[in-house]
C-alpha cells in the first residue's frame, strides 16, 4: 500500500488588514504560507468611503517596487493619478510651479480608502488570505506565536496560533501595546507634534471636471501652516489643512464658529474660498486629528514582528508613510529569501534579527525626513532663495548625475536607504549653504564658478 506523506501546512497570522498587512499577505502566499488576517474594524469595502480622517496618499518609487515585486502594481495604477510637481498658491492668487524631478517623474495621488479596499481584494484573490473582521487583538504571546482576539460584535474571545505573527496594525498597534510594551528592554516613544490636520473635500465642477490641475499637488503655504490638495478620481480633491492646535493667531482653537471659518478662509486662502463657498459644511463634517511619531526597538520578539506604522509611525509630510511600509515588505522579503533553505523552510529567528537591525535606522531616518519636509512645504516653497537653490541643484544634477541627486529625488524617486538619503542630504545642505552665500548668486547661478564651487566641496 502506497504511503502518502502530507506536507505540513505553514501558517501565518497578520494583525491588521490595512495597506501593509494586505500586501504582505501576497508575499507570504508566494512563500507557501496559509495566511489569516484579523482586522479590528468592519469591512471598509461595505461602507461608503469619503474624505475624513484619512489624508490622501502619494505613491512613489519604493511603493511601486514593493507592489510590482509580487505583480500587483498594475491593479493599483488603475486608480492612481500622477502629480508631476507642486503648484504653490499665494494669498494674492498667484501660482508658481516646481517640478518634482526630471521629465515624466511623478508621485501618484491615491485615496487611502480606495487603495485599502483594493489591497484587501488583492490579499484575498492573489494572496489566498482569509480576513476576519471586527476581531480586536486584546493580547499576544510573542514567543508562542499566538494572539487573543475579541469579536467586537458578539463579545466572543478566541485564540489563534501560527508559525509566525506579523503585526501590521497601525500607529496605535494593539500587538505592540498589549505585548511588546510589556517585554523587558523594549523601547517605545510617542511624540505628538504641535500641529494637527483637518480634511475638506473640494467637489468637482457641475460637469464633473476638476477645479484645479489634477496632475499637480497644490499647496497654499502660509508660514506656520498650510493647505494642500490632491486629486481624486471623479473630479474632486481631498484637501488637508495643517495648522497648530493652539498657541498662534492662526490655530485650530481660534476657529470654532461658522463665521470664524468663513473669515479665516476668505482672508487666508481667498482663491480656495472662491471655489468652495460652502466651506462650513465640509468643515463640520470632518474631524480635527492629531499627528505623532512613534518609535520602537526592537521590532521583533520570538515569533512576532512589527511592520509599517506599528514599528515606525511618522507624520505625512514626505508622502512616505505608505511607501515606507510597503518597502518594509520588500526588505523583509529579501532578507527572508536569504534565510530560506533548499526545502523552502525559513529561519525566522535569523530573518527577524536581520530585519530589525537593517531596517530600524531607516525607520528613524524616515521620521526625521518627514518632519524636515513639513518646514519645506510650509515655509520654504514660497521663499525665492529656496526655489533658486532647487534650480541650482537641478542644474548641477543634470550636468553631473553621478555626483548629485537632490534629497527629494533620493527619497521619492530611488530605492536608496532612507538613512543614506538623510546622511547625503545633510552633506548636500552644507554645500548649498556655502553656494547660496556666494556674492550675486541670483545673477550667476548657472555660472562655472557655481559649478566649480560645488565640485570642489564635493571633493573635500
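The values are calculated or read from the model by the stated rules, or taken from the named source; none is laboratory data. These figures come from a predicted structure and were not determined experimentally. Positions of Cβ are backbone-derived with ideal geometry, glycine not excepted, and every protein chain shown enters the neighbour counts.
Residue-by-condition table, conditions (1) assigned to a strand (DSSP E or B); (2) surrounded by 20 or more Cβ atoms within 10 Å (Cβ to Cβ); (3) at pLDDT 95 or above:
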{"residue": "281", "(1), (2), (3)": "no, no, no"}
{"residue": "305", "(1), (2), (3)": "yes, yes, yes"}
{"residue": "324", "(1), (2), (3)": "no, yes, yes"}
{"residue": "327", "(1), (2), (3)": "no, yes, yes"}
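All conditions in (1) part of a strand (DSSP E or B); (2) over 24 Å from the mean Cα position of the chain (by Cα); (3) farther than 30 Å from residue 272 by Cα hold for residue 131, with the sole exception of (2). Between 155, 93, the distinction of being at pLDDT 95 or above and on the phi > 0 side of the Ramachandran plot belongs to 155 only.
Among the numbered conditions (1) at pLDDT 95 or above; (2) surrounded by 16 or more Cβ atoms within 10 Å (Cβ to Cβ); (3) touching a helix residue (DSSP H, G or I) at 6+ places or on another chain (Cβ under 9 Å), the only one that residue 81 does not meet is (3). Can you say whether residue 188 is touching a strand residue (DSSP E or B) at 6+ places or on another chain (Cβ under 6 Å), more than 22 Å from residue 355 (Cβ to Cβ) and touching a residue at least 24 places away in the same chain (Cβ under 8 Å), as far as the supplied structure shows? For residue 188, the condition - touching a strand residue (DSSP E or B) at 6+ places or on another chain (Cβ under 6 Å), more than 22 Å from residue 355 (Cβ to Cβ) and touching a residue at least 24 places away in the same chain (Cβ under 8 Å) - is not met.
Got at least one residue in segment 300-307 being in contact with a helix residue (DSSP H, G or I) (Cβ under 8 Å, 6 or more places away or on another chain) and closer than 28 Å to residue 106 by Cα? Yes - at least one qualifying residue is present in segment 300-307. The condition of being touching a residue at least 60 places away in the same chain (Cβ under 8 Å), assigned by TED's automatic domain parsing to the domain that holds residue 304 and part of a loop (DSSP other than H, G, I, E, B) holds for only one of 140, 171, that being 171.
Going residue by residue through segment 381-402, is there one that turns out to be surrounded by 20 or more Cβ atoms within 10 Å (Cβ to Cβ), in contact with a helix residue (DSSP H, G or I) (Cβ under 9 Å, 6 or more places away or on another chain) and part of a loop (DSSP other than H, G, I, E, B)? No; the residues of segment 381-402 include none that is surrounded by 20 or more Cβ atoms within 10 Å (Cβ to Cβ), in contact with a helix residue (DSSP H, G or I) (Cβ under 9 Å, 6 or more places away or on another chain) and part of a loop (DSSP other than H, G, I, E, B). Of the listed requirements (1) modelled with pLDDT under 95; (2) within 20 Å of residue 370 (Cα to Cα), residue 233 misses just one: (2).
Only one of the numbered conditions (1) out of contact with any helix residue (DSSP H, G or I) (no Cβ under 9 Å at 6 or more places or on another chain); (2) under 23 Å from residue 289 (Cβ atoms); (3) at pLDDT 95 or above is violated by residue 53, and that is (3).
So if I check each of 339, 312, which one is touching a helix residue (DSSP H, G or I) at 6+ places or on another chain (Cβ under 6 Å), at pLDDT 95 or above and surrounded by fewer than 22 Cβ atoms within 10 Å (Cβ to Cβ)? Before you say what the answer is, go through the steps one by one.
Working: 312 fails: surrounded by fewer than 22 Cβ atoms within 10 Å (Cβ to Cβ).
After ruling out the rest, the residue left standing is 339.
The residues of segment 406-415 include none that are without any contact (Cβ under 8 Å) to a residue 60 or more places away in the chain and either more than 20 Å from residue 324 (Cα to Cα) or surrounded by fewer than 19 Cβ atoms within 10 Å (Cβ to Cβ) (or both). If the condition is being farther than 16 Å from residue 452 by Cβ and in contact (Cβ under 8 Å) with a residue 24 or more places away in the chain, then segment 431-442 contributes only 442. For segment 425-448, filtered to residues that are assigned to a helix (DSSP H, G or I) and surrounded by 14 or more Cβ atoms within 10 Å (Cβ to Cβ), the residue that is farthest from the chain's Cα centre (by Cα) is 441. When residue 122 is tested against (1) assigned to a helix (DSSP H, G or I); (2) buried (at least 17 other Cβ atoms within 10 Å of the Cβ); (3) in contact with a strand residue (DSSP E or B) (Cβ under 7 Å, 6 or more places away or on another chain), exactly one condition is not met: (3). For segment 96-107, a residue qualifies if it is surrounded by fewer than 21 Cβ atoms within 10 Å (Cβ to Cβ), touching a helix residue (DSSP H, G or I) at 6+ places or on another chain (Cβ under 9 Å) and outside any loop (DSSP other than H, G, I, E, B), and the qualifying residues are 96, 98, 99. The criterion of being farther than 27 Å from residue 191 by Cβ and outside any helix (DSSP H, G or I) does not hold for residue 292.
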